[in-house]
Amino acid sequence: MSANGSPTGQQPTATYDSAFLKACRREPVPHTPVWFMRQAGRSLPEYRKVREGIPMLESCMRPELVTEITLQPVRRHHVDAAIYFSDIVVPLKAIGVDLDIKPGVGPVVERPIRSRADLAQLRDLTPEDVSYVTEAIGMLTAELGATPLIGFAGAPFTLASYLVEGGPSRTYENAKAMMYGDPQLWADLLDRLADITAAFLKVQIEAGASAVQLFDSWAGALAPADYRRSVLPASAKVFRAVEAYGVPRIHFGVGTGELLGLMGEAGADVVGVDWRVPLDEAARRVGPGKALQGNIDPTVLFATQEAVETKAREVLDTAAGLEGHVFNLGHGVMPSTDPDALTRLVEYVHTQTAR
């Protein structure tokens with residue numbers, strides 16, 4: 001049976017009839033489901049309390065801590081799905097890449113990948129490398145019951161950018177120099193990362209995740225022709241690798257308005273949309289047969305409740321004709337967001353869309 005209970009001749013799982021999975025499958029829903037990217041932690045005081053003194057990567061490897069952090073926003077906000085608490089570089093760390101997440105900076109790679117010899121850093125990922133993920137998801141699904149758990153991973157392009165740049169970048173000059181100047185090395189790098197990413201997602205699905213999201217946070221830096229030629233094949237390989245499980249596959253990037261159709265083409269069932277493109281226009285770009293996720297601007301949450309509700313109403317109105325819609329922010333929850341604003345937004349969407 002597939003992890004989300006899709007029809008395989010056996011009984012569906014507890015999460016199968018959830019509003020979130022129904023929306024992903026473009027089926028009628030009792031209300032528009034809501035969850036937030038970076039809801040697991042970020043703005044919650046209870047998150048800061050349990051994480052106190054624990055480095056980010058270490059916190060991702062402690063099953064009990066991962067379970068607690070993942071559950072916190074579900075308890076507080078009554079969102080329709082939990083997202084597994086982790087970081088996109090966790091699988092890279094698990095296979096031995098020398099990296100760390102530096103506070104205020106982000107992931108920093110000790111030996112950036114700049115040559116073919118450097119690819120040796122990237123061995124295959126095995127379930128044993130991330131046994132703490134399997135353990136944590138087992139604990140989570142037992143606690144969550146009928147609430148779906150979303151597994152996630154960084155997409156090959158975004159991971160490659162970190163690995164080649166050595167850390168966060170605004171211009172991606174090293175990554176793009178490799179992409180343009182040594183396309184075969186670039187293709188081999190992304191292909192290897194696609195295998196690692198697919199293996200990481202498979203571990204999460206087999207442990208009980210009901211859906212998965214591939215974050216291509218930096219893909220918006222690419223022109224459509226470059227995305228199609230140099231990035232889409234690797235992302236498509238990831239989506240194909242997990243297709244047989246039958247769980248919804250979500251694809252999200254920032255600043256990807258020009259890439260929405262291609263991101264759907266890569267194999268996603270649900271395409272995430274940031275706040276720059278209205279959902280009705282996004283649906284036209286993506287084409288039929290896909291659900292959409294999004295897309296209120298995260299900074300709206302710093303405005304008055306009336307302003308938040310006005311913007312939420314705009315999103316719901318533009319989503320009215322969609323085949324399937326999962327309400328979300330257009331990017332992640334910002335750390336200084338008032339948690340109560342998120343709770344009120346969930347309640348507003350649920351109330352306004354109750355059918």
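The values are calculated or read from the model by the stated rules, or taken from the named source; none is laboratory data. Treat the numbers as computed from the prediction; the structure is a model and nothing was measured. Cβ: placed from backbone, ideal geometry, glycine included. Neighbour counts: every protein chain shown. What goes into the accessible areas is simple: the full protein's heavy atoms, side chains included, and nothing from ligands, DNA or RNA. Shrake-Rupley method; radii C 1.70, N 1.55, O 1.52, S 1.80 Å.
Looking only at segment 46-65, decide whether some residue is assigned to a loop (DSSP other than H, G, I, E, B), open to solvent by 50 Å² or more (accessible area, probe 1.4 Å) and of a type in the set (Lys, Arg). Taking every residue of segment 46-65 in turn, at least one turns out to be assigned to a loop (DSSP other than H, G, I, E, B), open to solvent by 50 Å² or more (accessible area, probe 1.4 Å) and of a type in the set (Lys, Arg). Number of residues in segment 168-222 that are on the phi > 0 side of the Ramachandran plot and touching a strand residue (DSSP E or B) at 6+ places or on another chain (Cβ under 7 Å): the value is 1. Among the residues here, Leu292 does not qualify as in contact with a Phe, Trp or Tyr (Cβ under 6 Å, 6 or more places away or on another chain), under 30 Å from Met179 (Cα atoms) and modelled with pLDDT of 95 or more. Among residues of segment 161-175 being in contact (Cβ under 8 Å) with a residue 12 or more places away in the chain and assigned to a helix (DSSP H, G or I), the one that is surrounded by the fewest Cβ atoms within 10 Å (Cβ to Cβ) is Asn174. Identify, please: which residue in segment 239-253 is of a type in the set (A, V, I, L, M) and over 12 Å from Asp216 (Cα atoms) and is, among those, most open to solvent (accessible area, probe 1.4 Å)? The selected residue is Ala244. Of all the listed residues (Leu279, Leu329, Leu260, Leu345), the sole one being more than 23 Å from Asp216 (Cβ to Cβ), open to solvent by less than 10 Å² (accessible area, probe 1.4 Å) and hydrophobic (A, V, I, L, M, F, W, C) is Leu345.
Report whether or not Pro112 is touching a helix residue (DSSP H, G or I) at 6+ places or on another chain (Cβ under 7 Å) and open to solvent by 20 Å² or more (accessible area, probe 1.4 Å). Here the answer is yes, as Pro112 does meet what is asked. Checking each residue in segment 305-336 for being of a type in the set (Val, Ile, Thr), touching a residue at least 60 places away in the same chain (Cβ under 8 Å) and farther than 25 Å from Val212 by Cα picks out no residue at all.
Filtering segment 271-303 to residues that are touching a Leu at 6+ places or on another chain (Cβ under 7 Å), part of a strand (DSSP E or B) and not small (Gly, Ala, Ser) leaves Val271, Leu292, Asn295, Ile296.
Between a residue in segment 69-84 that is assigned to a helix (DSSP H, G or I) and any residue that is modelled with pLDDT of 95 or more and of a type in the set (Gly, Ala, Ser), which pairs come within a Cβ distance under 8 Å, given they are 6 or more apart or on different chains? Correct list of pairs: Ile69/Ser59; Thr70/Ala82; Thr70/Ala136; Leu71/Ala82; Pro73/Ala82; Val74/Ala82.
When each of Ile196, Ile150 is tested for being hydrophobic (A, V, I, L, M, F, W, C) and either farther than 19 Å from Phe20 by Cα or part of a helix (DSSP H, G or I) (or both), the lone residue that passes is Ile196.
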